[in-house]
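What follows is calculated from the coordinates using simple rules that are stated; it is not laboratory data. Note that the structure is a prediction, hence the values are computed from the model and not measured. Glycine also receives a Cβ, built like all others from the backbone with ideal geometry; neighbour counts cover every protein chain displayed.
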Amino acid sequence: MTTTHTEAIDALSLSRIAGRRIRGLRSELGLSQRKLVLQLGGIVSPSGLSDREAGIKPVPLDELPLFADALGTSVAYLMGLVDDRSRPLEGAASEYLRACRDSNPKPSDP
């Protein structure tokens, strides 16, 4: 399957939206980048998080459920698909989020 130029732009736009929303929620929650990195179990470095928030690097799709869980929101909100940040996940999305959380336990804060 080939990706068209328009699809690539859309994917990049969604990733930038996700980065902005991650930064906004992290700030609202009073979390430093270091604290969020710890909550994510080290799946991203502090500089990687900074790059994702600034839109320099894309937010990989497999990381979105982990960010959503750590920030108390949904993947749909992070991607800009809905504006309700507390919208509950249902069905397969909820199961996927649980599986990600179970396979990536949060480390204790040093």
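Below, the figures for the structure above:
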read-out: Calculated from backbone phi, Karplus (6.51, -1.76, 1.60) coupling profile of segment 48-54 in Hz, x at Gly/Pro; value: x, 5, 4, 5, 5, 5, 7
read-out: For segment 60-70, Karplus couplings with θ = phi - 60° (6.51, -1.76, 1.60), whole Hz, Gly/Pro x; value: x, 4, 6, 8, 4, x, 6, 4, 4, 5, 5
read-out: HN-Hα J in Hz across segment 21-33 - Karplus 6.51, -1.76, 1.60, θ = phi - 60°, x for Gly and Pro; value: 5, 4, 4, x, 5, 4, 5, 4, 7, x, 8, 6, 4
read-out: E28-V82 pseudo-label distance in nm [points 7 Å out on the Cα-to-Cβ vector]; value: 1.4 nm
